[in-house]
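Written out below as structure tokens is the structure these notes cover.
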């Protein structure tokens, strides 16, 4: 199903990196729950990130923050992030078995 979502290659890499960080920190289940619940409000979430950007970018990289805010505005990107987190979590469980 992830192949049917059309996303730019650089965007896929950014989303995959984020998914990997989520899974490595053991936050896959809460992230899946939250993203699945909020994916229909993704545009609002992206705009909220832009609104709080001047404050948050004082602590983190502004370039990646605003790029991620732009990606969140598209529901397909949120769906791809969900699928990546699920895939990586599944791969980790297979490795542990």
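Identify all residues within region 1-36 that are at pLDDT below 90, exposed (fewer than 11 other Cβ atoms within 10 Å of the Cβ) and part of a helix (DSSP H, G or I); write none if there are none.
Passing the criteria: 3, 4, 9, 10.
Report yes if residue 80 is part of a helix (DSSP H, G or I), under 11 Å from the mean Cα position of the chain (by Cα) and either exposed (fewer than 13 other Cβ atoms within 10 Å of the Cβ) or at pLDDT below 90 (or both), otherwise no. Don't jump to the end; show me each part of the working.
Values: part of a helix (DSSP H, G or I): yes; under 11 Å from the mean Cα position of the chain (by Cα): yes; either exposed (fewer than 13 other Cβ atoms within 10 Å of the Cβ) or at pLDDT below 90 (or both): no.
Here the answer is no, as residue 80 does not meet what is asked.
Only one of (1) exposed (fewer than 13 other Cβ atoms within 10 Å of the Cβ); (2) closer than 23 Å to residue 95 by Cβ fails for residue 55. Which number is that?
The failed condition is (2).
The values are calculated or read from the model by the stated rules, or taken from the named source; none is laboratory data. All of these numbers come straight from a predicted model, not from anything done at the bench. Neighbour counts are summed over all protein chains in view; Cβ atoms, including those assigned to glycine, are modelled from backbone coordinates with ideal geometry.
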